[in-house]
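Take a look at the structure below.
No lab work stands behind these numbers, since they all come straight from the coordinates. Since the structure is predicted, the reported quantities are computational estimates derived from the model, not experimental observations. Neighbour counts are summed over all protein chains in view; Cβ atoms, including those assigned to glycine, are modelled from backbone coordinates with ideal geometry.
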Amino acid sequence: MNRQQQLDQFSLALHQRAVAVLRQEPALREQARRTLERWRQQSGPTRSDVLWDEWERLLAGDADVLEDAALVESEHGQLMRSVSPLGGLVSQVERMALLKQAREQAATP
């Protein structure tokens, strides 16, 4: 597994956990929306705006659609996860455990 594949696996696992957190606490959608707002204020217009717009629509919509979009294993899914506000919903401890797991999987032949 190359480095990019390792990062993709980590990102997918991170989003699986974030989706689980959102299922338990749907009110955390607001935290993700605030994250997007903060990013936009800090960065100004970027190429990520189109994807952030998509995240805003997903966060305002149906939970199942949000989950599907966050977890789809496609090029677009990877791109969406790369600019996702959901990672902040996962604790640092959990994030580090997921990263360790991804590294261990990458090291396994």
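Worth a mention:
- Charge context of GLU73, other residues only, Cβ under 15 angstrom, K/R +1, D/E -1: -3
- Cleavage-rule hits, GluC sites (Glu not before Pro), the stretch 22-109, DSSP coil, Cβ neighbours within 10 Å at most 11: GLU73
- Extension gain for the segment ARG3 to ARG23, taken as residue separation times 0.36 nm less the Cα-Cα distance, is 4.2 nm to one decimal.
- Compactness of the chain as Cα Rg over 2.2 N^0.38 Å, two decimals: 1.07
- Put in order of Cβ neighbour count within 10 Å, fewest first, the listed residues ASP49, ASP62 become ASP62, ASP49.
- Charge tally in the Cβ shell below 13 Å around SER43, where Lys, Arg are +1 and Asp, Glu are -1, SER43 excluded: +1
- About the Cα centre, charge dipole magnitude for the chain (Lys/Arg +1, Asp/Glu -1 at Cβ), debye: 500 debye
- When shorter helices are ignored and each DSSP H run of at least 4 residues is given -39500 (n - 2.57), the per-residue value for the chain at 222 nm works out to -24000 deg cm²/dmol.
- Net lengthening on full extension, SER74/GLU37 (0.36 nm per residue, minus Cα-Cα): 10.7 nm
- With eigenvalues of the C-alpha gyration tensor scaled by 5 and rooted, the stretch 66-109, Å: 21, 16, 8
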